[in-house]
Amino acid sequence: MSGGRGSAVVVGVVVMVAALAVVFQCEVAEAATYTVGGAGGWTFNVATWPKGKQFRAGDTLVFNYNSGIHNVVAVDRAGYQGCTSPNGAKVYQTGNDQIKLRKGQNYFICTIAGHCQSGMKIAVTAV
């Protein structure tokens, strides 16, 4: 009879490992990629683009834009509100930048003169 119990334990362990593998894959598969501004890309008046979307930490934002006239800078709340970037902030300028969201508030602006003030900024909350 003990051979039957051993088989049941092995089957139980195999089922549990398989279940954990599925859960792990679901966690990894949850990260999403969003193109900021949709088809229009990173441009003026995109501040409302995040509205109604649910973002998670680890999701990727893709900023598509003309690199000759725009850029992307991750800033804090004050930088977002005042359209300023701190000294030494990383300036993305490839025209196809991919930035992973961190948990909490994420703020992005274009630092070309007048662009942020004209609505080229977004605030994204990731859970």
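Bear in mind these aren't lab numbers, they're just calculated from the coordinates by the rules spelled out. Just so you know, these numbers come straight off a predicted model, no measurement behind them. Note: ideal-geometry Cβ built from the backbone for every residue, glycine included; neighbour counts use all protein chains shown.
A few points about this structure:
- Cβ-based exposure ranking for Tyr65, Tyr92, in which fewest neighbours within 10 Å come first: Tyr92, Tyr65
- Residue-wise HN-Hα couplings along the range 95-107, as the Karplus relation 6.51 cos²θ - 1.76 cosθ + 1.60 with θ = phi - 60° gives them from phi, are x, 8, 8, 10, 10, 7, 7, 9, 5, x, 7, 10, 10 Hz; Gly and Pro carry x.
- Each residue of the range 32-45 was assigned a 3J(HN,Hα) from its phi angle through the Karplus curve 6.51 cos²θ - 1.76 cosθ + 1.60 (θ = phi - 60°); the sequence is 10, 10, 10, 8, 4, x, x, 4, x, x, 6, 8, 5, 6 Hz, with glycine and proline shown as x.
- Close amide H contacts of Asn64 (hydrogens built in the peptide plane, cut-off under 5 Å, sequence separation of 5 or more or a different chain): Val36, Trp42.
- Stretchable slack from Ala31 to Asn45, in nm (0.36 nm times residue separation minus alpha-carbon distance): 2.4 nm
- Each of the peptides 99-110, 52-63 was scored by the mean count of other Cβ atoms within 10 Å over its residues; in descending order, highest first, they stand as 99-110, 52-63.
- Label-to-label distance for Arg102 and Thr84 is 2.1 nm, based on points extended 7 Å past Cα in the beta-carbon direction.
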